[in-house]
1. Would you point out which residue out of A159, A140, A223 is hydrophobic (A, V, I, L, M, F, W, C), closer than 24 Å to A98 by Cα and touching a Pro at 6+ places or on another chain (Cβ under 9 Å)?
2. Would you pick out the residues in region 62-81 that are part of a strand (DSSP E or B) and surrounded by 21 or more Cβ atoms within 10 Å (Cβ to Cβ)?
3. If a residue has to be part of a loop (DSSP other than H, G, I, E, B), at pLDDT 85 or above and surrounded by 13 or more Cβ atoms within 10 Å (Cβ to Cβ) to count, how many in region 197-218 make the cut?
4. Could you list, in sequence order, the residues of region 28-46 that are closer than 21 Å to P71 by Cβ and touching a strand residue (DSSP E or B) at 6+ places or on another chain (Cβ under 9 Å)?
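The values are calculated or read from the model by the stated rules, or taken from the named source; none is laboratory data. All values derive from a computational prediction rather than experimental measurement. Because the Cβ atoms are built from the backbone with ideal geometry, glycine has one as well, and the counts that use them run over all protein chains shown.
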Amino acid sequence: GDKHLKWVRRTGGGTEPAPFVLLRRNVYVHRKYAKLTVDSTPTCSCLHRPGKPGCSDNACLLRAENVECTPGFCPCGDDCQNQRFQRCQNAPTEVLYAGKLKGWGLFAAADIESGSFVVEYMGEVVDQKRYLRRKKEYGAERHTYFMLLNASPVEMIDASRKSSMGRFLNHSCQPSCETTRYKSLGETVVGVFAMRDIKRGEELTIDYQMYDGAEGKECSCGAPNCRGVLGS
């Protein structure tokens, strides 16, 4: 899990990344975690071959539907490959200074294959009331990290104070990664996945369409197809 996450501090303009609490799971501020019952726990029908990777492709019906297997309910047991969020099976990454316009960014610390799970975008999950209050409280802070998690009822991921390394992902109009919603242990989670093969040392980027307040802001990603503004 986290042994693959390497935070490299390099001075950039005399500054360092703002401190934050590194999470292994979202923190719910306004409610408790979802509770799965025996009847509500999703199960797959994969055939287990001891010592062989299980649930490793879309032949696993749950994986095909972006639902993770639940420990104790998967026939593949410890060989299950569809528990990447729960096990924090992140790709090797490091934080480096990406220049004055971008600030800090997340970079590949090894080659990453297309389709690979890179990292979960985590934070404090808040309801609409708390989100609006926090947005006002943060005021003139240069960087905010609100991402839509659920639309009904509205739940936002606030990665401003507590998060994963995903908070360092910068925007690009031609991103190397994409965000995908999954279900894990009864909760919605947001995963970052490689859209193509990524070389070691390359910056990992996403399209900020799911970020609050991104739309309409000037974009300086430098991509050949840059839209000129962030968001959709």
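1. Residue meeting the stated conditions: A223.
2. Once the filter is applied, which keeps residues that are part of a strand (DSSP E or B) and surrounded by 21 or more Cβ atoms within 10 Å (Cβ to Cβ), region 62-81 yields only C80.
3. 3
4. Within region 28-46, Y28, Y33, A34, P42, C44, C46 qualify.
Residues are listed down the side, and each one gets a yes or a no for (1) among the aromatic types (F, W, Y); (2) crowded, with 18+ Cβ neighbours inside 10 Å; (3) on the phi < 0 side of the Ramachandran plot; (4) at pLDDT below 95:
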{"residue": "V126", "(1), (2), (3), (4)": "no, yes, yes, no"}
{"residue": "Y145", "(1), (2), (3), (4)": "yes, yes, yes, yes"}
{"residue": "S152", "(1), (2), (3), (4)": "no, no, yes, yes"}
{"residue": "I157", "(1), (2), (3), (4)": "no, yes, yes, no"}
{"residue": "M165", "(1), (2), (3), (4)": "no, yes, yes, no"}
{"residue": "S176", "(1), (2), (3), (4)": "no, yes, yes, no"}
{"residue": "R181", "(1), (2), (3), (4)": "no, no, yes, no"}
